[in-house]
Every structure is written in C-alpha cells, then in structure tokens.
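A short worksheet on the structure shown next.
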C-alpha cells in the first residue's frame, strides 16, 4: 500500500495600506472624528468590508468596518486632553496587516460667556428679585443646554438651576432664571463652574439697593444677548 503525497500550498498575501486622519464635528463639543481608508498597497484600489482597529493611546478603542468605498469612520468623545490615534488593519487570509501612522489630537476646552439681568434693582423690603440670562459658547455664540449655573448673593451661594434645553418657544436654549427675595442690599453673581468640555465663567450685576437708587442704573452685563432678556423674563416666568 503506497503512501499519500504531501502537497505544500503557499499563499501570497497582498500588501495593504491603511490611512488615518482627524477632524471635528462642527458645533459639537467634545467630539473628534477618526477616519481613513484601506487600500491595496501602491494602488488606488480600496478594500471594502474589512475590519479596522482604532487604537487610542496604544489601546484598542473600537473596531469598525470599511464601507463600499473602502473608508472607515469612528466618533470619539473627548475631554480636554491630548490623545494619540492609530489605525490597524489586522490582516486576513488574503491581505497583509498594516498600521497607519500615529496622529495626535489635542482637545481644549471651549470658552463660555454668561449674561445677567436683575430686575428690579431697587424698591422696599421685602423685595422680589428676578435674575436671568444666557449661558453661551464663545466660538459659535450658541446657547449651552443642560448645564448647572449657581446664584450667589453677597458672596454666598444660595441657589442652582439648569440651563434651558428646549428653545421653542423662546427663550432660547441655554437660558436660566432665578427668583429671590431680599430684605437687605444685595450683590448678585452667577457662576458656571465649567466641565470637561467648557471653560467656566461668571457674571455680576452690581448692587441691588433697598429704599434707594442703585449707584449704577445701567449695571454692566457680561457676555452677549441683552436683546433677549425681555423674552427670557416673559417666557421663563410662566414656567
């Protein structure tokens, strides 16, 4: 009885080239897009349906699949920090693995501004006071929803609230409203402490005086949007 022959089969894999780049979603804080494509090396022929591993700081962050155009995209939610990104094609039965260059993404906090309006500024005790305004981004001017702002009176924090998350009907997204009653002269501040995406900021109105005339009848207003204050008062006061 004869022995079977041993047949050696060698498979030549095709080299590949995976690219990587970074950008940001316009108007969306804290988001970096990681994207690129997978090619047959030395050609413009793309490879679809292939797994791409996204490495963040050297560790696997996600696995995505190239589309029919050979491209991939991954959305990364960032804090204020520096990140390194790299794309890896792990290879398969037909294609050789490849690593993209290492790219660095810096994400800095977005500056913010607060408007403030205090009404009334003078009257008799007990004096009902409304403090209102808008928290907005410095880069786009858009209101920032769902953020905690603090009301301080005479250097003591007395209340917190959350900026408006719905902009229809007016007032716009990012608006806030406080009610207070005072029996002594008061100085109000509104603070946003900031978070991993936004810088903190503050606004001060000057002094609210009982039984007299405020020293400044036109108190300074930090930030933008004074034209919306009347709308803020009318709509927020009904909520």
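The values are calculated or read from the model by the stated rules, or taken from the named source; none is laboratory data. Given the structure is predicted, the values throughout are model-derived calculations rather than measurements. Ideal geometry is used to build each Cβ from the backbone, glycine not excepted, and the neighbour counts take in all protein chains shown.
Quick check: anything in segment 86-102 closer than 30 Å to residue 174 by Cβ, touching a residue at least 60 places away in the same chain (Cβ under 8 Å) and not assigned by TED's automatic domain parsing to the domain that holds residue 180?
No, the conditions are met nowhere in segment 86-102.
From the set of residues in segment 148-160 that are surrounded by fewer than 19 Cβ atoms within 10 Å (Cβ to Cβ) and at negative phi, which is farthest from the chain's Cα centre (by Cα)?
156
Could you grab me the full set of residues in segment 165-182 that are crowded, with 16+ Cβ neighbours inside 10 Å and in contact (Cβ under 8 Å) with a residue 40 or more places away in the chain?
If the condition is that a residue be crowded, with 16+ Cβ neighbours inside 10 Å and in contact (Cβ under 8 Å) with a residue 40 or more places away in the chain, then 171, 172, 174, 175, 176, 177, 178, 180, 182 are the ones that fit.
Could you pull out every one of the strands (runs of 3 or more DSSP E) wholly within segment 4-117 that has 3 or more residues that are at pLDDT 90 or above and in contact with a strand residue (DSSP E or B) (Cβ under 8 Å, 6 or more places away or on another chain)?
16-18, 31-40, 51-56, 59-65, 71-77, 81-89, 112-114
Would you please name the residue that is farthest from the chain's Cα centre (by Cα), looking only at residues in segment 117-147 that are surrounded by 13 or more Cβ atoms within 10 Å (Cβ to Cβ) and within 13 Å of residue 185 (Cβ to Cβ)?
Among those residues, the one meeting the criterion is 123.
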